[in-house]
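A short write-up of the structure that comes next.
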Amino acid sequence: MIDVDFSLVNWSRAQFALTAMYHWIFVPLTLGLSFLCAFFETIYLKTGNEQWKSITRFWMTLFGINFAIGVATGIILEFEFGTNWSNYSWMVGDIFGTPLAIEGIFAFFLEATFFAVMFFGWDRVSKGFHCFSTWMVAIGSNLSAVWILVANGWMQHPVGMVFNPETVRFEMEDFAAVVFNPMAVTKFTHASSSGFLFASLFVLTISSWYLLKGRHIEMAKKSIVVASVFGLISSIFVAFNGDEAAYEVAQVQPMKLAAMEGLYKGEKGAGLVAMGILNPAKKPGDDQDAFLYEFKIPELLSLLANRKLGSFVPGVDDLIYGNKDEGIMGVNTMMEKGQLALADLASYKQAKKEKNDVGATEALARFDVNKDYLGYGYLSTPEEAVPSLLIVFNAFHVMVVLGTLFPVIFAAFLFYTLKGTLTEKRWLLPIGLISAFLGFLAQQAGWIVAEVGRQPWAIQGLMPVKVATTNLSTTAVQVTFFMFVAVFTLLLIAEVSIMLKQISIGPEGH
Amino acid sequence: MIANLDYITLQQLWWILCSVVGALFLFLTFVQGGNTLLWQMAKTETESALIINSLGRKWELTFTTLVLFGGALFASFPKFYATSFGGAYWVWMLILFTFIVQAVSFEYRKKPGNVWGAKVYELFLLVNGTLGVLLIGTAVGTFYTGANFSLNDYNQVSWQYTLGGVNLRGLEAAFSLFNLSMGLFLVFNARVLGALYLLNNIEFGPVAAMETRLRKAVWTNFLCLLPFLLYVVVSILLMQGFHVDESGVVSKVSFKYFFNLLALPQLLIMLLGGLGLVILGVLAGAFKGSYKGIWPAGFGTVLVGLCVLCLPAFNGTAFYPSQFDLQSSLTIYNASSSQYTLASMTYVALAIPFVLAYVAYVWKQMDSKKLTSHEAMDSESY
C-alpha cells in the first residue's frame, strides 16, 4: 500500500507528473515519426515513385495530428516551472533556463517554420525544398529534445555550477560541463532513440492492422520495411545505451539504482534481479526479506553498475544509515551537515542585514564547510530520501522486459517482409498490432524510473521537491489539476478519434 | 568581445532582447486577432476555410515566439519568472489554457472523426484571441501599475491580495483600468493586424465581399482601440512610477515614465514612429486598397511594443514593482541571471539573425502565391 499525502507539494507533483506523462505520449512519436516521414519522402524524391509520395503524406497526416497536441502540452511544462515550482525557478533558473531559451531559439523555430512547408508546401515549393523542410522538422524536433534533456540531465546530476549565498541560488560557472554532462548525453540518446523505436512500433501497428484487414497491402509492406530497419537499429542502440544510462545512475544516483533493483542491503558481487515480487511490507532498516519471490543472475548487477565483478553495490540501508566499511556517508549524517549549512546561511543573511561584516565572514566560512549537503538539511527523516521502491522497481523491470522484446519483433517483421511471407504469418501480425501499446508502456515506465527514482529531489542532492514548490494554496493546485485532467481527456478523445478515422481512411485519401 | 561586456551592459542587453521577442510576439498576435475575426468576416464555408487556412500556416510562429519569450525571461531574469508566474498563478494559468486549446484547433477543426465539432474549435480560437490577448495585456500593464507580492530573504514569493478571504493570485490586475485598457488595446490591435494580414495573404477573386468586410474591420477595430490607446498613453505620461535610486531603494515618483521618455528619446521616437506606422498601415489597408498594410502596421506594433516593454525597465526604474512591498520590486539588475550565464547566452543569441533570416525566407517562399479558395477547400487543408 502506497501512502498518499495530499499536501500542496504532492498536488504540485501530481500536476507536473500528469502533464509530463501526457506530453510524453506524443513526443516520442514526433521524434521518430518525423524521421520516418523524412525517410519516406527521401525515397520518393530519389525514385519519383508516386506510391512513396502517398505513403509519405499518409504518415505525415498522422504526424501532424500528433504534433499539434505535443506542442500544446509542451508549453504547459514550461509555464509550470514558474507557476508551480517558482522556488526552483529562482534557485536554478540561472542554469536551467539557459537550455530552455536555446531550445526556443534553435529548435522550436526550425520546427515551426518548416512545419508549414511540410504540410502546405507541396504545390508551393520545389520537391527538393519540400524534402529539405521535412528533414528540418525532424532535426528541429530532435534538437528540442537535446536541450530539454540537457536540462533534465542537469537536474539528475547537477554539474558546472556554484552556490551563491548572496543571491541564495545556484549559478552556472561552466556551460560546457552542463551541456556535455554525461547524464545529459545518455538522457538524450536514450530518450530520442527510444522515440525512434516507439514511432517504428507505431508504424508496425497500423501496417499490421492493414495487413490483417487485407487493405493497403503494398503501402503497409513498404512502411514495414523502413520502420523495421529504423526500429531494429534503434532498439539495439536503446539496449546498449540503456546499459550506459544505468551505469551513470549507479555512479551519481545510487539510491535510484537501489530502488530499480529492490536492493536494501548492499553486497559485493551483487546479483541482478531478472524477475521478482517486492515485499510491500518491507521498510528500510528492518529485517524482513525484500522480495516475496526473486530470480537473480549472480554478479551481474556489480558488473553492470561498476564494470567490475565482485564490486560493492550499495543498498537503501547503506545509503540511509551509512556504511563505514565501504566509506559511504549515510543520509542521517548528511542531514546533520545540511542543517548546519542552513543555519549558517541564515546567520550569514542576518549578519549581512545587520551590516556585521565579521559575523558574515565567519558564517560564510562555516557554511562553506557543509554547503554540499545543503539540500539534505531540508529532509525531515533519513527515510525521506528513499523513493518508492515498489513503483521504481516494477517500472524498471517492465521497461527492461519490453526493451528486450522489441529488437526481436523488428527482426521478425523485417525477416518475413524481405522473405515475402509476412502476410502468411498470422501469429506475428497481432503482435505487431499491439506493439505500439507495448512501446507506450515502455516509454512511460522509463520516465517513471527516471523521475520517481530521483524523489525526493528536484535537483539531486541539492533541492528537495518540497522546497522547490510555489507557496500556493492546495486548493488552487487541486483546481488546476482537475482542469488539466478535463482538458487532457477531451483532447485525447479528439486526438484518438481523429487518428483512428485517418487510419481507417488510409493512404487513398492522399 | 562578448567576454568583455560588463554585467550591467549584459543585463540591459538581455532586457532589450527579451523585449524584442515580446514585441515580435505582439506583431504575431495577428493570428489571435484573425481568430476573433473568423466569426464576423466569414459568411460562407469557403470564407471560413480561407481565414482558418491563412492563419493556420502561421499560428506556430506566434506560439513559438510566446514560448521563446517565456524561455528567454526564465533564463535571463529568473527572479521575474519565479515571482510573476509563481505569484500571479491564475493569470498565467488562464493564459496557458487559452493557448493550449488554440494549439490543436487548427489541426482538428475539420478533420474527419472530430468528435467535438468545428464550432467548438472555433470557440477555442475566439477564446484564445480575446481572453488570451486581454490577459497578456493585463500582465504587461502590471509593469506599470505593479503587483501584490513580497519576497523574503531567500527570494521566495508570497502573494498578498485577497478578496473575501480568497487570494486572487494576480486576477486583481483586472481591477485596474490601466491594465484592462492595455489588454483591450492589444486585443483590438491584434484584430487590426489580423485583418491586414488576411488582406495580404488571401486571393479574394471569388470572395470579393470578404475583402470589403476586412477593409472595414481594419478601420472599425482601429477606432475601437483608439480610446484604450489614448488612455494608456496619457496614463503613462501622468502616472507615478517606481524609481530605484543608486542604493537600490525603490520609491514612487510622479511623472516617472514621462521623464523616462524625455531621458530616453530613442523610446519616444519608437513610440511616435511606431504609432505613425500603425496608422499608415491602417489607412493603407482601410482606404487605399493596399494589400501591404500589415507590414507598416506590424513593424509599428513592434516599435510600440519595444517602447512599452523598455520604458519601465530603464533609467532607474523597477520593471516589476510591488505595490505591497516597494523594496521587493524587481529591476533588471536584481532579477537577472549571473554575468556568466548572460554572457554565455549572448553567444547563443548571435544565431538570432540567422533564425530570423530563414523564417523570412520560408515566409516569402510560402506566401509568394496568395491562398486560393481551391487550396483552402482541399481535403487536407485545415
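The values are calculated or read from the model by the stated rules, or taken from the named source; none is laboratory data. What you see is a predicted model; the values in this text were computed from it and never measured. Quick reminder, even Gly has a Cβ in these numbers, built from the backbone with ideal geometry, and neighbours come from all protein chains shown.
Summary table
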{"quantity": "Test result for B:LEU26, assigned to a helix (DSSP H, G or I), buried (at least 23 other Cβ atoms within 10 Å of the Cβ) and at pLDDT 95 or above", "calculated": "yes"}
{"quantity": "Residue in region A:75-84 that is touching a residue at least 24 places away in the same chain (Cβ under 8 Å) and either under 18 Å from B:TYR108 (Cβ atoms) or not assigned by TED's automatic domain parsing to the domain that holds A:THR167 (or both) present", "calculated": "yes"}
{"quantity": "All helices (runs of 4 or more DSSP H) inside region A:265-376 with 1 or more residues being farther than 24 Å from A:TYR247 by Cα", "calculated": "A:331-353, A:357-370"}
{"quantity": "Test result for B:GLU107, at the interface with chain A (Cβ under 7 Å from one of its Cβ atoms), part of a helix (DSSP H, G or I), over 18 Å from the mean Cα position of the chain (by Cα) and charged (D, E, K, R)", "calculated": "yes"}
{"quantity": "Test: residue in region A:172-191 that is of a type in the set (Ser, Thr, Tyr) and closer than 25 Å to A:ALA245 by Cα", "calculated": "yes"}
{"quantity": "Hits in region A:110-156 - residues which are among the β-branched types (Val, Ile, Thr), under 30 Å from A:PHE170 (Cα atoms) and more than 12 Å from chain B (Cβ to nearest Cβ)", "calculated": "A:VAL146, A:VAL150"}
{"quantity": "Evaluation of B:ALA82 against (1) facing another protein chain (nearest Cβ under 7 Å); (2) closer than 19 Å to A:PHE488 by Cβ; (3) surrounded by 23 or more Cβ atoms within 10 Å (Cβ to Cβ); (4) not acidic (Asp, Glu) (one fails), failing number", "calculated": "(2)"}
{"quantity": "Some residue of region A:135-148 being without any contact (Cβ under 8 Å) to a residue 12 or more places away in the chain and surrounded by fewer than 24 Cβ atoms within 10 Å (Cβ to Cβ)", "calculated": "no"}
{"quantity": "B:GLY34 being within 7 Å of chain A (Cβ to nearest Cβ) and under 30 Å from B:ASP367 (Cβ atoms)", "calculated": "no"}
{"quantity": "Tabulated pairs, region A:471-490, first part of a helix (DSSP H, G or I), second of a type in the set (Ser, Thr, Tyr) and surrounded by fewer than 14 Cβ atoms within 10 Å (Cβ to Cβ), C-beta under 9 angstrom, 6+ apart or interchain", "calculated": "A:THR474/A:SER7"}
{"quantity": "Single residue of region A:459-482 satisfying the filter (among the polar types (S, T, N, Q) and within 13 Å of another protein chain (Cβ to nearest Cβ)) that is surrounded by the fewest Cβ atoms within 10 Å (Cβ to Cβ)", "calculated": "A:THR475"}
{"quantity": "Filter result for B:ASN114 (modelled with pLDDT under 95, crowded, with 20+ Cβ neighbours inside 10 Å and outside any helix (DSSP H, G or I))", "calculated": "no"}
{"quantity": "Test: residue in region B:54-72 that is touching a Cys at 6+ places or on another chain (Cβ under 8 Å), closer than 23 Å to B:LEU267 by Cα and either in a helix (DSSP H, G or I) or hydrophobic (A, V, I, L, M, F, W, C) (or both)", "calculated": "yes"}
{"quantity": "Answer residue from region B:42-74, given it is among the aromatic types (Phe, Trp, Tyr) and within 8 Å of chain A (Cβ to nearest Cβ) and is nearest to B:LYS119 (Cα to Cα) among those", "calculated": "B:PHE63"}
{"quantity": "Selected residue [under 30 Å from B:SER150 (Cα atoms), away from chain A (no Cβ under 11 Å) and hydrophobic (A, V, I, L, M, F, W, C)] from B:PHE319, B:PHE299", "calculated": "B:PHE319"}
{"quantity": "Flag if A:SER435 is among the hydroxyl-bearing types (Ser, Thr, Tyr) and either over 27 Å from A:VAL401 (Cβ atoms) or touching a strand residue (DSSP E or B) at 6+ places or on another chain (Cβ under 9 Å) (or both)", "calculated": "no"}
{"quantity": "Region B:141-158, subset of a type in the set (Phe, Trp, Tyr) and more than 10 Å from every other protein chain (Cβ to nearest Cβ), residue nearest to the chain's Cα centre (by Cα)", "calculated": "B:PHE143"}
{"quantity": "Residue in region A:238-251 that is among the β-branched types (Val, Ile, Thr), at pLDDT 95 or above, in a helix (DSSP H, G or I) and surrounded by fewer than 22 Cβ atoms within 10 Å (Cβ to Cβ) present", "calculated": "no"}
{"quantity": "Tally of residues being in a helix (DSSP H, G or I) and acidic (Asp, Glu) across region A:108-123", "calculated": "1"}
{"quantity": "Residue within region B:60-76 that is out of contact with any Phe, Trp or Tyr (no Cβ under 9 Å at 6 or more places or on another chain) and in contact (Cβ under 8 Å) with a residue 60 or more places away in the chain present", "calculated": "no"}
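Here's the yes/no breakdown for (1) under 24 Å from the mean Cα position of the chain (by Cα); (2) within 9 Å of another protein chain (Cβ to nearest Cβ):
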| site | (1), (2) |
| --- | --- |
| B:ALA286 | yes, no |
| B:LEU306 | yes, no |
| B:ALA335 | yes, no |
| B:SER338 | no, yes |
| B:SER344 | no, yes |
| B:VAL359 | yes, yes |
| B:THR372 | no, no |
